[in-house]
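**Q** Here it is, the structure, as structure tokens.
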Amino acid sequence: MSDRKAELEAKKKRLQEIRDLKKKKDEDKRKKEESIKATTAAVTLSESELERKRREADELLRGILPEVSSADSTSVNAASPNKSQIKKTNDETAAQQFSSPKRKLKLGMSSVNLAGFPPKELVTYAKETQTPVEDKEQDVMTSEDEDDIAEPVVQQPEPEEPQPEEKEEEPEVVKELTSDEKQQIVNSSDFLSFFDRASRVMERALFEESDIFMDYTGEERDREGDKDASAKLSLNRQFFDDRWSKHRVVSSLDWSNQYPELLVASYNNNEESPHEPDGVALIWNMKFKKTTPEYIFHCQSPVMSASFARFHPNLVVGGTYSGQIVLWDNRSYKRTPVQRTPLSAAAHTHPVYCVSVLGTQNAHNLISVSTDGKMCSWNLDMLSQPQDSMELQHKQSKPVAVTCMDFPTNDVNNFVVGSEEGAVYNASRHGSKAGINEVFEGHQGPVTGIDCNHVQGQIDFSHLFLTSSFDWTIKLWSTKQQKLVYSFEDNSDYIYDVMWSPIHPALFASVDSMGRLDVWNLNNDTEVPSARVTLDAQPAINRVRWAHSGYQIAAGDADGRIWIYDVGESFATPRMDEWSRFVRTLTDIKANAADMEADSLMR
């Protein structure tokens with residue numbers, strides 16, 4: 001406590017000293033101002049005394065020198081009121097008064113009294129000049145005292161600190177990895193993911209071609225557009241891989257709904273390479289000019305059918321010769337299936353030629369059918385056993401050996417199938433009439449392809465479907481009537497596949513074993529195709545698929561090649577009256593068929 005009192009006494013003493021110092025400075029300042037005022041008063045007094053003496057001298061001169069001209073006196077008097085001139089020209093005026101009027105006046109230098117005032121000193125006050133106090137003891141002092149005890153502090157420029165010299169960075173020493181560490185990095189999942197992605201991107205870039213003669217005025221493009229529009233079929237490109245496509249037959253084709261530039265193709269076994277996988281599925285990319293497949297999948301059984309899993313853009317479904325259903329995932333680093341169905345009597349035991357995903361985003365199933373006459377419904381998340389299965393039999397006869405299948409637009413219950421016996425059947429999955437309901441007879445050989453009309457437009461033609469067969473014919477059917485509508489008999493060899501255009505109601509394509517790709521427009525002609533191309537070396541074309549845009553056709557042959565053809569815009573694009581014209585065409589076809597039937601009866 002005594003220390004505290006002593007400390008407070010010391011502070012009070014210090015404050016008193018600061019106050020005394022301040023009073024002393026104020027007194028000095030006041031004395032300085034008084035001295036300045038006194039000096040000013042003395043100067044004023046000296047000026048008045050000089051004026052008085054000047055007047056006395058003037059009176060004396062008037063009495064002594066009466067002959068001085070009035071002009072001179074006037075000039076002298078005129079200058080007298082100006083105090084500044086009096087100060088500066090004292091000596092000259094006196095010389096004029098005592099000199100002869102005929103003499104010239106002499107000018108001289110006069111002394112000048114200068115009074116100097118010191119410049120105002122710029123000072124600042126800072127509370128930091130107070131006595132330092134530890135902790136929070138400054139609270140004892142009041143704010144009034146703080147203002148009183150502030151000492152002036154003259155600001156001084158701070159000396160520049162020397163900047164440190166920049167040191168050159170020493171290069172980092174790269175640690176050399178051992179062979180085990182390198183191998184561990186190469187086998188890591190992160191490196192495999194990076195390398196797979198980077199190699200695919202670099203491959204695309206290397207095969208991409210830039211046209212340095214690109215004309216942006218549009219003149220050449222217009223001319224080329226007219227030329228392409230007039231051409232009905234022109235080869236765009238072909239897909240082939242020496243290792244995975246050579247000596248294999250293309251067994252199926254399918255375009256992706258989510259990525260229209262992707263095309264999956266399935267292949268059977270390669271008899272020349274028994275150690276290679278028997279079944280292969282390759283995904284080709286139309287967007288880039290590279291010649292290698294985007295993804296490579298394989299399994300131990302020949303793949304008879306492959307399809308992109310609708311609503312699952314990363315999954316590819318395959319039907320094999322052994323009867324298994326396999327599922328590949330492009331997110332996996334394995335080329336083998338991530339799921340497969342068991343080889344059991346509950347599933348398929350014969351080759352699966354048809355797989356398709358039906359339903360909606362939230363409720364869909366995988367439908368498969370094989371030549372054992374069984375249709376199975378699967379959940380893509382679990383392929384251990386089918387959710388539902390059904391035997392396809394007609395009138396309690398032996399099971400139908402199904403080779404092809406298709407569902408009409410927006411219909412997941414009714415479907416049509418073709419068989420090895422040449423018969424075509426209309427069937428249902430559910431309801432009181434589940435199973436085969438109707439049979440369409442007309443083909444004299446196995447049915448190789450079947451397709452319903454899926455074009456959306458002014459008139460619904462979903463009841464129409466086409467079939468191709470080994471009997472060299474293509475036949476047009478309708479689910480509304482059980483008899484044949486029309487038969488196209490222009491080919492002279494096996495017809496392996498047929499498919500309607502996705503945008504034109506009267507346009508369809510077909511392929512045969514002589515390497516011919518035919519495109520028919522029934523509104524123009526029903527006897528011969530409107531466009532035809534023949535492949536080099538005339539290999540048998542096994543499958544044909546229209547792109548979803550309707551302006552490209554993919555055809556797969558028996559040599560493992562896939563041919564992409566561009567369809568002319570004027571040829572592929574339907575006009576507004578194509579639907580009504582197709583109705584008239586169907587009416588004419590039925591009328592001609594009735595006339596031919598009447599003629600045959602008359603004979």
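**Q** Looking at (1) touching a residue at least 60 places away in the same chain (Cβ under 8 Å); (2) closer than 18 Å to Trp255 by Cβ; (3) part of a strand (DSSP E or B), which is the only condition Val485 fails?
**A** Here Val485 meets the rest and fails (2).
**Q** Quick one: which residue in Ser468, Ser478, Ser501, Ser462 is among the polar types (S, T, N, Q), touching a residue at least 60 places away in the same chain (Cβ under 8 Å) and open to solvent by less than 50 Å² (accessible area, probe 1.4 Å)?
**A** Sole residue among the options that is among the polar types (S, T, N, Q), touching a residue at least 60 places away in the same chain (Cβ under 8 Å) and open to solvent by less than 50 Å² (accessible area, probe 1.4 Å): Ser501.
**Q** Let me ask something else about it. Take segment 521-552 and flag every residue that is touching a Phe, Trp or Tyr at 6+ places or on another chain (Cβ under 9 Å) and closer than 22 Å to His247 by Cβ.
**A** Leu535, Ala540, Ile541, Asn542, Arg543, Val544, listed by residue number.
**Q** Of (1) closer than 13 Å to Pro408 by Cα; (2) open to solvent by less than 50 Å² (accessible area, probe 1.4 Å); (3) not small (Gly, Ala, Ser), His454 satisfies all except one. Which?
**A** With (1) closer than 13 Å to Pro408 by Cα; (2) open to solvent by less than 50 Å² (accessible area, probe 1.4 Å); (3) not small (Gly, Ala, Ser) applied to His454, the lone miss is (2).
**Q** Is there any pair linking a residue in segment 576-603 that is under 23 Å from Phe461 (Cβ atoms) to one that is open to solvent by 90 Å² or more (accessible area, probe 1.4 Å), with Cβ under 7 Å and at least six apart or on different chains, and which?
**A** Between residues of segment 576-603 that are under 23 Å from Phe461 (Cβ atoms) and residues that are open to solvent by 90 Å² or more (accessible area, probe 1.4 Å), the close pairs are Trp579/Gln458.
**Q** If you don't mind, there's one more thing I want to ask. For segment 505-603, please list each of the strands (runs of 3 or more DSSP E) lying entirely inside it that holds at least 3 residues being open to solvent by 10 Å² or more (accessible area, probe 1.4 Å) and at pLDDT 90 or above.
**A** So the answer is 531-534, 541-546, 562-567.
**Q** Do we find that Leu358 is in contact with a strand residue (DSSP E or B) (Cβ under 8 Å, 6 or more places away or on another chain) and surrounded by 19 or more Cβ atoms within 10 Å (Cβ to Cβ) in this structure?
**A** Here the answer is no, as Leu358 does not meet what is asked.
**Q** Further question on the same structure: Does Asp388 satisfy being surrounded by fewer than 15 Cβ atoms within 10 Å (Cβ to Cβ), among the acidic types (Asp, Glu) and farther than 20 Å from Asp497 by Cβ?
**A** It is true that Asp388 is surrounded by fewer than 15 Cβ atoms within 10 Å (Cβ to Cβ), among the acidic types (Asp, Glu) and farther than 20 Å from Asp497 by Cβ.
**Q** Additional query: Mind checking which strands (runs of 3 or more DSSP E) fall wholly inside segment 397-482 and carry at least 1 residues that are at pLDDT below 90?
**A** Hits in segment 397-482: 435-440.
**Q** Considering each of Ala347, Ala363 in turn, give the residue that is surrounded by 13 or more Cβ atoms within 10 Å (Cβ to Cβ) and within 46 Å of the chain's Cα centre (by Cα).
**A** Ala347
The values are calculated or read from the model by the stated rules, or taken from the named source; none is laboratory data. Given the structure is predicted, the values throughout are model-derived calculations rather than measurements. Cβ: placed from backbone, ideal geometry, glycine included. Neighbour counts: every protein chain shown. For the accessible areas, the whole protein counts, side chains as well, though only heavy atoms, and no ligand, DNA or RNA atoms are used. Shrake-Rupley method; radii C 1.70, N 1.55, O 1.52, S 1.80 Å.
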